[in-house]
Amino acid sequence: MTRTSRGDRQRLLALSPRQHIEAHWGALGRLPGHRCLRGPETGMAMLKGRIGATGNAFHLGEMTLTRASVALGDGTVGHGWVRGRDHRHAELIALADAVAQHTAWQEALETRVLAPLADELAARQRRDTATAAATRVDFFTLVRGE
Amino acid sequence: MYVAVKGGEQAIARAHRWLADRRRGDRERPELEVAQIGDQLRLAVDRVMSEASLYDPELAALAFKQASGDLTEAVFLLRAYRTTLPRLAVSEPLDTASMRIERRISATYKDIPGGQILGPTYDYTHRLLDFLQLAGAEVPPAETRDDVTDAEPCPQILELLNDEGLVEQAVDDGSEPMDITRDPPDYPMDRAARLQMLARGDEGYLLALGYSTQRGYGRNHPFAGEIRQGQVEVEVHVEEWDETICVGEIALSECQMINQFGGSREAAPQFTRGYGLAFGHNERKTMAMALVDRALRAEELGEPISGPAQQAEFVLAHADSVDASGFVSHLKLPHYVDFQSELDLLRRLRREHARHSSPERGESLDRPSTEEDTSARKSGQGKHDRESGVHGS
C-alpha cells in the first residue's frame, strides 16, 4: 500500500470534519499514551490574496487557526494544524503525525483511518462537483433584426 | 468633548437584561441556534466575516445572534474578538485558479473552458415573495449531474485574453504587501494596502461608490470579466517541518472586472482591470470592490480625478464600518461639559452681537471650530485606530 506523505496526511485530516476522524479513530485500538507539548492553542493566520489573482500579494484578512504539538511516551513528537478553533481536531492531527512515525502503527493508521477518510473526502468533493455541474448553462446570443 | 461620567450602573444592567430578553423573544418558540444561523442565514454570516476581517463561520453566526441581526454591531463584536487572538501564521497567497468551483460566470465570453456555472444564485429569481416559505413547505434537495464526477479545469478567463495582449497583466513582482493591521495607513497607499482596506470595507458604502462610477462620477466602463465562488485550500509554511502545508479550506468570492482602455505612446491600448476578493459568498461586495479598486487607480493610469470614488484618502478612510459607527455612535455619550461650554460661547456671541451690530449690519454667527473637530480630523489622518472603533475624544 502507498504511504501517505506527512503533508498529504496533514491536508487530509485538516479537510476532514473532526467527527469523521473520531468515527474511524476507534478502529486503531489502544494507542500509546501522549502528552501535549504545545497547545492545543487557537490563534489566527493572516491570509494573502493576489491582485488580479496572479499579481502582487495583498493581505485579505485573517482566519482562526488551531495548532497542537504532542509527544508520545517514547519521545516521538507530532504536530497538527487546522482552520478554526477545534482543539481536539488539532490534537488528533498531531497525534496521527506522531503515531505515523512508528511502523507498527503506520499501516493501521493508513488502512483504518486515512483510507476511509480519503474516500469520504473524495465522495464529498464529487458530490459538490456534480451539484455545481447541474447548474452549468449554455447562453445563446440572439441575433437582432431577423 | 466626552467627559467621563459616573453612575447609572443599575439602569445599565437592567437595560442590558431587557435587551437579552428582547433578543430571546417569545419563550413559546424554540430559541434560535447558532448552528441554524450558520446553516440558514449564511449570507449574513459571510458578510459579518468579510467586514470583521476574520474567517470563522461559527463565531460570525454567534455575533449575528448576539447582535439581534444588526450586521454592523455583529461586525464590531467579531472584530473586537479578533484582537484577543495571537497571529500564528501568514498564509501563502490563496490560489483562486484552483478553487473548487460552486459558481463561475463571465459576462464577456459566452463559451469558456470549464463552462458557465450558475451555482446557488439569486440571479434570475423573480423577486416575488415566496409564501410557501411562510407556510413551511418542504424544500427538495439540490439536483446533481451524476455523469460529471471530475471538475473540469476552470482557468482564469482574463488569462485567456492575455494571450493576445489585449488586457493588462497582473504579474507578481515579489514585493511584500503592507499590513494595515500592523502599520498605520499612510497616503498615498499602494494597491495592495488599498485592497486590504476595501476587503474589510462596508458593503453598502462600497456599493454606493461603485454605483457612482457607473453613473458618471469617474466612469470606467466595466465588464464583469469573471466572477467565481467556491472553496480554496489555505496553505501555510510551518517552521516545524520547513514545509508548506494545507490547514483547511475557506469559501471565497472573486470578481475580475475588465475596464476600458489605457495606453500611452509607448504601450499599445489594452483593457485595464479592477479586482475584488472577499470571504464567503459575497458577490455584490466583490463587484463593488472591483469597481472602486479600478476607480482608485485613476492617478496611476493618468486619468482625471473627477469623482469621489477616485479619491483614495476619502474612500479608504471612511470604508470601515467599525470606525464609522464608533465615531458616529460616540455622539450619544454624555457631552454635557462640551455642550455647556458651547452654550456659554453662544451667549457671549449673542451679547456681543447685541452690543455691536446695528439692525442693517448683521454679522454671521459661524460656529467656531472646537477642539473636538480638530482632534477628529487629526485622528483620521494620522492614527487610524481600526480595532477599537470607539474614538474617545
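Overview of results
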item: Overall form of the stretch A:30-146 per C-alpha gyration tensor (a/c, 1.5; a/b vs b/c); result: oblate
item: Amide proton proximity set for B:Arg87, modelled H, under 5 Å, gap of 5+; result: A:Met44
item: Residue among B:Glu73, B:Glu300, B:Glu102 with the largest mean-square fluctuation in a Gaussian network model of chain B, springs linking Cα atoms under 10 Å; result: B:Glu300
item: Residues A:His87, B:His16, sorted so that the one with the fewest Cβ neighbours within 10 Å comes first; result: B:His16, A:His87
item: Per-pair calculated FRET efficiency, R0 = 60 Å: B:Thr144 and B:Ala324 via Cβ, rounded to 0.05; result: 0.85
item: For B:Gln116, residues with placed amide H under 5 Å, excluding near neighbours; result: A:Val137
item: Point-to-point label distance, B:Ser68-B:Ala267, nm (Cα→Cβ direction, 7 Å offset); result: 5.2 nm
item: Spacing of the two label points (7 Å from each Cα toward its C-beta) at B:Tyr187 and A:Ala134, in nm; result: 5.1 nm
item: Residue among B:Gln340, B:Gln229, B:Gln116 with the largest mean-square fluctuation in a Gaussian network model of chain B, springs linking Cα atoms under 10 Å; result: B:Gln340
item: ³J(HN,Hα), Karplus 6.51/-1.76/1.60, whole Hz, each residue of the stretch A:6-22, x for Gly, Pro; result: 4, x, 5, 5, 4, 5, 4, 6, 6, 8, 9, x, 4, 4, 5, 5, 5
item: Most fluctuating residue given options A:Gly49, A:Gly80, A:Gly39, as computed from a GNM of chain A linking Cα atoms under 10 Å; result: A:Gly49
item: Difference of contour (0.36 nm per residue) and Cα-Cα distance, B:Leu301 to B:Glu239; result: 18.2 nm
item: Three-way shape call for the stretch B:116-210 based on the alpha-carbon gyration tensor, with the a/c threshold at 1.5; result: oblate
item: The stretch B:103-138 residues near the modelled B:Phe223 label - backbone nitrogen below 20 Å, point 7 Å along Cα→Cβ; result: B:104-118
item: Difference of contour (0.36 nm per residue) and Cα-Cα distance, B:Met178 to B:Phe339; result: 53.9 nm
item: Footprinting exposure proxy for B:Lys110, B:Lys285 (fewest neighbouring C-beta atoms within 10 Å first); result: B:Lys110, B:Lys285
item: Rounded, prolate or oblate (a/c below 1.5 giving rounded, otherwise prolate when a/b exceeds b/c) for chain B by Cα gyration tensor; result: oblate
item: Antiparallel DSSP beta bridges within the protein assembly as shown, as percent of all bridges there, nearest 5; result: 90 percent
item: Between the stretch B:69-148 and the stretch B:33-60, the Cα center-to-center distance that results, in Å; result: 12 Å
item: Karplus-derived 3J(HN,Hα), 6.51/-1.76/1.60, for each residue of the stretch B:102-110, Hz, glycine and proline x; result: 9, 8, 6, 9, 9, 8, 10, 10, 6
item: Segment B:Asp123-B:Ala80, extension gain: residue separation times 0.36 nm, minus the distance between their alpha carbons; result: 12.1 nm
item: Under Karplus coefficients 6.51, -1.76 and 1.60, residue-wise ³J(HN,Hα) of the stretch A:58-70 in Hz, glycine/proline x; result: 9, 8, 8, x, 10, 9, 6, 9, 10, 10, 8, 10, 10
item: Value at 222 nm in deg cm²/dmol, rounded to 500, when DSSP H runs of n ≥ 4 in chain A each add -39,500 (n - 2.57); result: -11500 deg cm²/dmol
item: Exposure proxy order (Cβ contacts within 10 Å, fewest to most) of A:His89, B:His353; result: B:His353, A:His89
item: Share, in percent, of DSSP beta bridges within chain B that are antiparallel, nearest 5; result: 95 percent
item: 5 angstrom amide H check on B:Arg273, placed H, neighbours 5+ away; result: B:Asn259
item: For chain B, with +1 on Lys and Arg beta carbons and -1 on Asp and Glu, the positive-most of B:Ala67, B:Ala268, B:Trp18 along the dipole; result: B:Trp18
item: Virtual spin-label span in nm between A:Glu22 and B:Asp163, 7 Å along Cα→Cβ; result: 5.1 nm
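Taken together, the values in this text are just the output of simple stated rules run on the coordinates, not laboratory data. Source: prediction; values computed, not measured. Counting neighbours? That spans all protein chains shown, and the Cβs are built from the backbone with ideal geometry, glycine included.
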